[in-house]
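Engineer: One structure coming up, written as structure tokens, with questions to follow.
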Amino acid sequence: MKLLRAVNRILDSATLTLAIIIIFIMVAALFLSATTRFITGTGFAWFIELPPVLVSWLVFPLLGPLLKKGQHIKVDFFTPLVSTKFKKILFLIVNLVAFISACIFFKAGLDATMMYYNLGQVMEIEISIPIWWMFLAFPVGFFILGLASVELMFDNILDLFNR
């Protein structure tokens, strides 16, 4: 369990650092696009095309850290109405569903990544980026989500039986 927590802490830090870098690159690319268009009258298309390419690397690796911090999208209309023990069981079920979903989407993302890697296709933008590189964010993100949900399930089980 300590090893899992240590790995998840490292992945959380790396993921949040990656997200900060990606957001900086996206903002810088759009700023440079506007600046070059204002100064020269024409711009570089890849400045505009780069942010959408990076979105998958921004969103999917953050799934695990956001789940752990409770900052994911959720609806809390039911939990205030139930007992503390039922909440603990409910959180365990939610994390189990997250783990199962992460496993399914990890496999699907890996299959898609391998397919595009084998096809050798490149995005049709000014800079040549292989399509598989963009799809790699899916299995990476869902692997991180799977590890986070396993840690949370252990915590839920310990919390359920210790109190």
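Throughout, read-outs are computed from the coordinates displayed, never taken from laboratory work. Note that this is a predicted model, so its numbers are computed, not measured. With ideal geometry, Cβ positions are generated from the backbone for all residues, glycine too; neighbour counts draw on all protein chains shown.
Engineer: Return the sequence-ordered ³J(HN,Hα) values of region 40-55 in whole Hz as given by the Karplus equation 6.51 cos²θ - 1.76 cosθ + 1.60 applied to θ = phi - 60°, using x for Gly and Pro.
Structural biologist: Once θ is set to phi - 60°, the couplings for region 40-55 become 9, x, 10, x, 9, 5, 5, 4, 7, 7, 5, x, x, 5, 7, 4 Hz.
Engineer: In debye, nearest 20, what is the charge dipole magnitude of region 2-162 about its Cα centre with +1 on Lys and Arg Cβ and -1 on Asp and Glu Cβ, if you could check?
Structural biologist: Values: 11 positive and 9 negative charges, 129 e Å.
That gives region 2-162 a dipole magnitude of about 620 debye.
Engineer: With the contact rule set at Cα under 8 Å and sequence spacing of 6 or more, what percent relative contact order holds for region 2-162? Before the final figure, lay out the partial values.
Structural biologist: Working: 172 pairs, mean separation 49.4, N = 161.
Relative contact order for region 2-162 comes out at 31 percent.
Engineer: In the chain, with Lys and Arg counted as +1 and Asp and Glu as -1 at Cβ, which of these residues, LEU11, ASN162, ALA45, has the Cα nearest the positive end of the dipole, that is, farthest along it?
Structural biologist: ASN162
Engineer: Between VAL122 and residues 5 or more places away or on another chain, which pairs have amide H atoms under 5 Å apart, with H built 1.01 Å from N, and which residues are they?
Structural biologist: Answer set, sorted by chain and number: ILE131.
Engineer: Also, I was wondering about something else. How high is the FRET efficiency from THR17 to TRP133, r the C-beta distance, R0 22 Å, rounded to 0.05?
Structural biologist: Result of the calculation: an efficiency of 0.70.
Engineer: Say each of ILE89 and ARG9 gets a label point 7 Å from the Cα, pointing the same way as Cα to Cβ; how far apart are those two points in nm?
Structural biologist: 3.4
Engineer: Just to check I understand the Karplus step: with θ = phi - 60° and J = 6.51 cos²θ - 1.76 cosθ + 1.60, what whole-Hz values come out for region 93-103, glycine and proline as x?
Structural biologist: 5, 4, 6, 5, 4, 4, 5, 4, 4, 4, 5
Engineer: Please report the base-10 log of the normalised intensity I(q)/I(0) for region 1-146, using a Debye sum with one equal scatterer per alpha carbon and no solvent, at each q in 0.09, 0.18 (1/Å).
Structural biologist: -0.41, -1.10
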